[in-house]
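Working notes, beginning with the structure itself.
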Amino acid sequence: MKLLWAAVAVLVAIILTGSMYTVGENQVALRFQFGRIVDSNIKPGLHFKIPIVQNVAVFDRRILTLDAQPKRYLTQEKKDVSVDYFVAWRIADPRRYFTATLGSESAAEQRLTPIVVEALRNTINQRTLQDIVTLDRSNLGGGMLRQVNEVAGRSLGIQVVDIRIKRIDLPEDSNVLSSVYDRMRAERSRVALQLRAEGQEEAAKIQAEADRQRLVITADAERDAQQLRGQGDAQAAAIAAQAYGQDPEFYAFYRSLQTYRTMFGSKDTVVLDPDSDLLHYLTNPGRGAAPAK
């Protein structure tokens, strides 16, 4: 009898365990009966189902990330750009999501990718290359997001929260890249020439100012030197006049000696009258001598 009650207890426990399930705060669930969805509005918490007859599928309702491979698009002027992006999405309609993807996250991403690619293509096709380069990468705008959500929500039961651009590149095999580099080099060369010309102009101004200051300083120094030389010559003449005035005969004798030194030191021939006053100190050395005491 005890074994019977034990068996009944085990059976009841199995039935109770199979009839209960829980849905977390970050989950959504569908309840099926014979493969048909009978409840898609299941709140988080503890719930019951009919064992064997019903089964439950639970999905993550948190925001998921689709990190797609970079794609090439054409701009409005038919130039290639490579866009690397990612998509943030979540399940909005569990019933439609399961019907479209059978609850497979990878299947949902595979079907979501072409929808986003098409929206990106339409957005980039309407912009020039310059607009794409200066595009706000954090958010491409509500228009494209609404377009994606309209298709993804209707066909997949998915809500796209955001589409973010990680990187925008020019393909290596595109002639746009070389033309951009050529344009950049031409712009840098133009700026370099302009800076070089401005530098040469500034250098010429500095050189001219330096030359002017040099001339002014030289002229001022020459003027001061002439003044100092004049003052020195005047002082020297005054001192000499004062000294020679005390003994005129000695002054005459000293000046004659200076004249002799100049005259006899020259290689020129000088013809003088023997009675000339210039030679009186040579012909008559005693002339003018002071009397002996």
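The values are calculated or read from the model by the stated rules, or taken from the named source; none is laboratory data. As the structure is a prediction and not an experimental result, all values here were calculated from the model. No Cβ is skipped: glycine too gets one built from the backbone with ideal geometry, and neighbour counts run over all protein chains shown.
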Looking only at the range 38-81, and only at residues there that are touching a residue at least 60 places away in the same chain (Cβ under 8 Å) and part of a strand (DSSP E or B), the one that is surrounded by the fewest Cβ atoms within 10 Å (Cβ to Cβ) = 72
Kindly indicate the residue of the range 178-201 that is within 28 Å of residue 80 (Cα to Cα) and hydrophobic (A, V, I, L, M, F, W, C) and also modelled with the lowest pLDDT among those meeting that condition.
-> 180
Which residues, taken from the range 29-77, are more than 25 Å from residue 112 (Cβ to Cβ) and among the aromatic types (Phe, Trp, Tyr)?
-> 34, 48
Out of 96, 121, 127, sole residue that is surrounded by 15 or more Cβ atoms within 10 Å (Cβ to Cβ), within 15 Å of residue 61 (Cα to Cα) and either touching a residue at least 12 places away in the same chain (Cβ under 8 Å) or in the same structural domain as residue 165 (by TED's automatic domain parsing) (or both) | 96
Determine, yes or no, whether residue 264 is surrounded by fewer than 10 Cβ atoms within 10 Å (Cβ to Cβ), in a helix (DSSP H, G or I) and at pLDDT 65 or above.
-> yes
Has the range 152-168 got any residue that is under 30 Å from residue 65 (Cβ atoms), among the acidic types (Asp, Glu), at pLDDT 80 or above and not in a helix (DSSP H, G or I)?
-> yes
Please give the number of the condition residue 28 fails out of (1) modelled with pLDDT under 85; (2) touching a helix residue (DSSP H, G or I) at 6+ places or on another chain (Cβ under 8 Å); (3) outside the structural domain of residue 105 (by TED's automatic domain parsing).
-> (1)
Within the bounds of the range 82-90, is there any residue that is touching a strand residue (DSSP E or B) at 6+ places or on another chain (Cβ under 8 Å) and either in a loop (DSSP other than H, G, I, E, B) or without any contact (Cβ under 8 Å) to a residue 24 or more places away in the chain (or both)?
-> no
